[in-house]
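S.K.: Just dropping this structure here.
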Amino acid sequence: MGEHPGARGSGKVPPAGGRKVSLFPVAEFPDATDKKSPVDIFDSGHLPDWEDTKMTDNGNPNVTTGRAKMIKRAIVFVLVFVAGITFAGTFSYALKLSNEEEFCTSCHSMKMVFQEYQQSLHYKNGSGVSATCSDCHVPKQFWPKMAAKMMAYKDVLHEFLGTIDTWEKLDEHRWDMATRVWDKMRATGSRECRGCHSFSKMDLSEQDRSARRKHGLAVDQDKSCIDCHQGIVHALPDEPDVG
């Protein structure tokens with residue numbers, strides 16, 4: 001009877017029945033029927049996260065612990081992703097609602113201003129195209145829009161204070177409010193106006209002689225809409241007496 005190769009030089013008797021002896025200790029698994037050696041783990045291609053995987057008492061990696069942590073991370077990622085999508089959707093919907101006329105005119109103090117707007121060509125005209133409150137008063141660009149939304153807290157404050165809740169109060173503050181808006185529009189080159197109007201798209205030949213001449217001068221002198229077009233939606237304020 002020949003010498004078993006596994007016992008050569010080791011002094012150990014091979015197991016009965018010629019069973020194959022593993023050269024590596026068996027990794028510990030909760031299910032005793034599902035035992036794999038480290039060689040099997042590497043051959044399968046499913047390697048554990050060695051940095052976070054704890055070792056068993058016999059020095060083998062506890063693959064079950066590593067997988068559990070990977071599952072937890074996946075769950076956290078999914079929850080954060082869903083929360084982000086929900087926040088973005090809610091934020092976008094809130095911005096959309098705050099740009100609608102119903103929202104703008106929900107304050108009592110804005111109802112009088114809205115009546116002026118309804119008498120203007122920006123509300124009703126031959127083409128049937130109207131510009132809403134947000135078209136003129138809310139920037140389209142993201143960061144300028146966010147800045148405008150943040151500054152809107154003052155409107156809420158003055159609504160509670162009743163600063164312009166009557167026609168008399170509105171006329172009293174009209175000059176300050178109008179000049180403040182005009183200054184902002186000049187600083188941006190009438191940015192909101194140019195969302196609909198553009199010198200480059202004007203066919204001056206289709207305009208009457210006065211408009212053609214004035215628009216030509218505006219281009220040459222680098223003027224913007226608000227330099228000439230004031231009081232086209234809201235009533236022009238009376239300039240206060242100086243001295």
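S.K.: Filter the range 115-135 down to residues that are in a helix (DSSP H, G or I) and surrounded by 17 or more Cβ atoms within 10 Å (Cβ to Cβ) and give me whichever is farthest from the chain's Cα centre (by Cα).
M.R.: Taking the range 115-135 as the starting set, the residues that turn out to be in a helix (DSSP H, G or I) are 115-118, 133-135.
Next cut, surrounded by 17 or more Cβ atoms within 10 Å (Cβ to Cβ) only: 117, 133-134.
On the way: Tyr117: 31, Cys133: 22, Ser134: 18 Å.
That would be Tyr117.
S.K.: Would you please name the residue that is surrounded by the fewest Cβ atoms within 10 Å (Cβ to Cβ), looking only at residues in the range 176-205 that are in a helix (DSSP H, G or I) and of a type in the set (Lys, Arg)?
M.R.: As a first pass, look at the range 176-205 and keep what is in a helix (DSSP H, G or I): 176-187, 193-195, 199-201, 204-205.
Pick out the ones that are also of a type in the set (Lys, Arg) and you get 180, 184, 186, 194, 201.
Details: Arg180: 10, Lys184: 15, Arg186: 14, Arg194: 14, Lys201: 7.
Of everything passing the filter in the range 176-205, Lys201 is surrounded by the fewest Cβ atoms within 10 Å (Cβ to Cβ).
S.K.: Tell me, which residue of the range 145-164 that is farther than 23 Å from Trp175 by Cα and without any contact (Cβ under 8 Å) to a residue 40 or more places away in the chain is surrounded by the fewest Cβ atoms within 10 Å (Cβ to Cβ)?
M.R.: The extreme case among them is Met150.
S.K.: Could you tell me which residue of the range 206-228 is surrounded by the fewest Cβ atoms within 10 Å (Cβ to Cβ), considering only residues that are under 20 Å from Val181 (Cα atoms) and of a type outside the set (A, V, I, L, M, F, W, C)?
M.R.: Among residues in the range 206-228 that are under 20 Å from Val181 (Cα atoms) and of a type outside the set (A, V, I, L, M, F, W, C), the one surrounded by the fewest Cβ atoms within 10 Å (Cβ to Cβ) is Asp222.
S.K.: A further question follows. Filter the range 136-153 down to the residues that are more than 16 Å from Leu97 (Cβ to Cβ) and not aliphatic (A, V, I, L, M) and list them by number.
M.R.: Initially, the range 136-153 is screened for residues more than 16 Å from Leu97 (Cβ to Cβ), giving 136, 139-144, 147, 150-151, 153.
Correct list: Cys136, Pro139, Lys140, Gln141, Phe142, Trp143, Pro144, Tyr153.
Throughout, read-outs are computed from the coordinates displayed, never taken from laboratory work. Since we're looking at a predicted model, the values are computed, not measured. Cβ coordinates were reconstructed from backbone atoms using ideal geometry, including for glycine residues, and neighbour counts include every protein chain displayed.
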